[in-house]
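For reference, the structure discussed in these notes is given below.
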């Protein structure tokens, strides 16, 4: 029965990645290699991030909110962007179009993130007898993260790979890329620091996840529009 | 041409997921971290002459229900959580007498009976509101002790967590759906090993000796007075049998009397011409088995030198009447003297001491009072107790009901005064004179704080003999205390013999899990499945167009044949 619950949560957490891969043209062009490469880059980036966190952050004994520490955390979060840059531009991919490349990279990125951050808690927690909503919410969070990752990869490919884009859109692209890039650190620090958020803002886990889902959808829409707008002149 | 590689890919993914599934099933490690963990205390499990009694199981893993379960439901896989306040005696009798199948029983006791209950202790025991609860609990305890229950039975104390759980369960039950695997609710889990027999349970008697003043060389001829109290308990839950009154009060009184006389005996001028023998005996609930062994270990001369023995039993919650129980006829000279001493002192202190004579039936194995073990060996003895009639076997032996809350230290102080003063009159020969040796505001006064602190310690220490190890800290503490007050302290060790066999595992941790029902999981699966299908369709339409999606479903028969 609890294994059943585990499967439900696993489907919610990892299902969308598989569906995305099989439903979009990604599967037709066999871009799995690209996704795997992106995932490996993600793992390396995560390692670098961990080392940075361990080096520059001090362990706070109290639960108090330290703005400097939080800022540092957000800054380290931007290492992700560097990793994504590397995955998008430096890696040699098989001859696939930019259109599919960013999707494959974003997908691999999000999947690696889900495996790294959600599989272990799910494995340990969701099989226990105790029922909580946490793992279902965590699955929803994984969905939001998938959307965000692909949006970020889309914006990244616009920034770094596309040469002839409309001049007026450039600041908007950079702005939304910045917002999307900071989003994980914001929400992660939210969920990491639920302890004081619960007291401070009075935000609970469901609200955080709802916020994440909402912003990810909004950002996805914006990036989609930007992408389409950049596509137009070339067509 | 486009479809072929995808099919291949799909098969690969399927294969991967099968491998993952196998790994998941193989590495199934049970992690027990429930939302709520409660200390629970198991009903005693013992055999009497090979006949099983008590709760015969320790481990528990069932859904919970309250007393509001709908009738005619099968409860063989359900734990009933029953608060003592709502206990229906007829229900218990029905279930136990007809030995109906149950998954388990958990009784919730009010905090009043907890030995951690600090507030309101000693507030006079005749509390009207708690009296019915006490009676119910006493009745329940006797029923449970004498029943053979093939399922686990535990006791727990009310607290906020478990009260909330109980309220939830009740709400669930009232809606008419008892919690089973299909409706969700709470699951109670106690993971405990199978109870094992306690092999040769030890009993330890502690004796202290205060030697009298030798006038000449004939010290051997000095008579001896023995003061005896049995210190172990028996109750429905061994880990909760602290026995504040029975016989915590007796132990406290004995220790205080020893302290007072050690003060007197330390000065040669006030040293009496009697030896004093203090005995803390074990095995009290089992026909005073330990007392018997202890007496038999005595030297013949010592046994003959005992003038009389005073046994103390339950002297902590009486109002104005105490009883002296004897088994020799009241005309006996020694008995007469004892009773005279006690009743004259009692009169001065403002209460009454009555004499009760009960003959010993040698053929009956039941020994109701401790003094009967002395009498069987022809030693004059009497028991001082607040009980007017002898309790039955395993009754009033310091069980669940006997908590600190119902014992008043002022009462014990009065008892101590009575005992000490009467003994002093006998020892120093002041009979008939109104002399108070242990008057208040002297250095020989009874010390209430000493009485209180020992009573508090005893009221937090479960003392069921088979579960006290040979060198239990509690036994050592008693020994040390007697060493402080008497000259010579010996431990007499033996093995509890007789018809009793005990089983261990007296306390455990109860994990309470809130579990979801199977229907919820199925529903969730349905929702997730449709979500993924919608997502799939949405993605196909947006990236490849509607026609592509329709084309996926246009040739279902051929697809099925291929995958099969």
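Read-outs throughout are calculated quantities, based only on the coordinates presented, and are distinct from any laboratory measurement. Everything quoted here is computed from the prediction, not taken from an experiment. Glycine also receives a Cβ, built like all others from the backbone with ideal geometry; neighbour counts cover every protein chain displayed.
Things to note:
- The value of relative contact order for region B:421-564, using C-alpha pairs under 8 Å at least six residues apart, is 8 percent.
- For chain B, the spread of Cα coordinates along the three principal axes comes to 123, 48, 44 Å, biggest extent given first.
- Sorted by Cβ density within 10 Å, fewest first, the residues B:189, A:105: B:189, A:105
- Rounded to two decimals, the Cα radius of gyration of region B:198-305 over 2.2 N^0.38 Å is 1.25.
- Convex hull volume per residue, computed on the Cα atoms of the protein assembly as shown, equals 223 Å³.
- Cα long-axis angle, helix B:448-458 against chain B (0 to 90 degrees, to the nearest 10): 40 degrees
- Measure of compaction for region B:354-500 (Cα Rg per 2.2 N^0.38 Å): 1.23
- Helical mean residue ellipticity (222 nm; -39500 (n - 2.57) per DSSP H run of 4+; nearest 500) of the protein assembly as shown: -15500 deg cm²/dmol
- Taking only alpha carbon atoms, region B:299-339 gives an Rg to Rh ratio of 1.06, where Rh is the Kirkwood radius.
- Inter-chain Cβ neighbour count for B:508-518, averaged per residue, equals 3 (cutoff 10 Å, partner chain atoms only).
- Under conditions of 37 °C and 0.692 mPa s, region B:444-564 yields 140 µm² s⁻¹ as its translational diffusion coefficient, taking Rh as the Kirkwood radius over Cα pairs in the Stokes-Einstein equation.
- Short-range pairs are left out: with C-alpha atoms under 8 Å and at least six residues apart, the relative contact order of chain B is 24 percent.
- Counting, for every residue in A:25-36, the Cβ atoms of other protein chains within 10 Å of its Cβ and taking the mean gives 2.
- Counting every other Cβ atom within 10 Å of each residue's Cβ, A:34, B:291, B:389, B:543 order from fewest to most as B:389, B:543, A:34, B:291.
- The protein assembly as shown - share of DSSP beta bridges that are antiparallel (%, nearest 5): 50 percent
- Rounded to 5, percent antiparallel among DSSP beta bridges of chain B: 50 percent
- Residue order for B:280, A:47, B:87, fewest other beta carbons within 10 angstrom first, comes to A:47, B:87, B:280.
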